[in-house]
């Protein structure tokens with residue numbers, strides 16, 4: 001097996017990370033969840049998940065992320081609003097979603113709902129809801 005020069009490795013890693021973020025399905029929170037599950041760091045988790053996407057293993061990635069999210073929460077972990085980065089959500093986004101979702105929801109409540117939905121791979125849903133709210 002040929003060993004790639006470090007510049008080529010870095011380029012391959014970046015392509016995998018780009019695949020991870022493409023389509024606004026996954027966030028830094030998902031990388032944290034997967035890193036915890038796989039026993040690695042967030043960068044390596046983004047690379048691993050991105051490689052799965054490049055190999056057209058999205059269903060397998062979704063299954064792994066669902067299992068990882070279960071363990072993540074069972075271990076007492078949670079993401080913060082600042083971990084939502086695809087896109088980066090703002091206070092104004094949370095306020096718009098709170099108004100859209102109604103029921104007396106505050107922007108803080110909307111932030112928590114965003115976090116809970118994104119932790120299991122639901123960023124695409126949040127992006128869709130935000131588009132409707134605008």
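A few remarks follow.
- Residue that is farthest from the chain's Cα centre (by Cα), among those in segment 98-114 that are within 23 Å of residue 72 (Cβ to Cβ) and buried (at least 20 other Cβ atoms within 10 Å of the Cβ): 110
- Only a single criterion out of (1) within 15 Å of residue 22 (Cβ to Cβ); (2) in contact with a helix residue (DSSP H, G or I) (Cβ under 9 Å, 6 or more places away or on another chain) is not satisfied by residue 56, namely (2).
- Restricted to segment 53-63, and to residues there that are over 13 Å from the mean Cα position of the chain (by Cα) and in contact (Cβ under 8 Å) with a residue 12 or more places away in the chain, the residue that is nearest to residue 122 (Cα to Cα) is 53.
- Residues that are modelled with pLDDT of 95 or more and in a loop (DSSP other than H, G, I, E, B), drawn from segment 105-134: 105, 106
- Meets criteria (touching a residue at least 40 places away in the same chain (Cβ under 8 Å), touching a helix residue (DSSP H, G or I) at 6+ places or on another chain (Cβ under 7 Å) and within 18 Å of residue 127 (Cβ to Cβ)) for residue 26: yes
- Residue that is nearest to residue 30 (Cα to Cα) [pool: residues in segment 83-100 that are in a helix (DSSP H, G or I) and touching a residue at least 24 places away in the same chain (Cβ under 8 Å)]: 83
- Output for segment 65-79, where each listed residue is over 16 Å from residue 123 (Cα atoms) and either free of Cβ contacts under 8 Å to residues at least 12 places away in the same chain or in a helix (DSSP H, G or I) (or both): 67, 70, 71, 72, 73, 74, 76
- Selection from segment 7-57 of residues that are in contact with a strand residue (DSSP E or B) (Cβ under 6 Å, 6 or more places away or on another chain) and either part of a helix (DSSP H, G or I) or surrounded by fewer than 18 Cβ atoms within 10 Å (Cβ to Cβ) (or both): 28
The values are calculated or read from the model by the stated rules, or taken from the named source; none is laboratory data. Worth saying up front: this structure is predicted, and the values here are computed from it rather than measured. We place every Cβ from the backbone using ideal geometry, glycine too, and count neighbours over all the protein chains shown.
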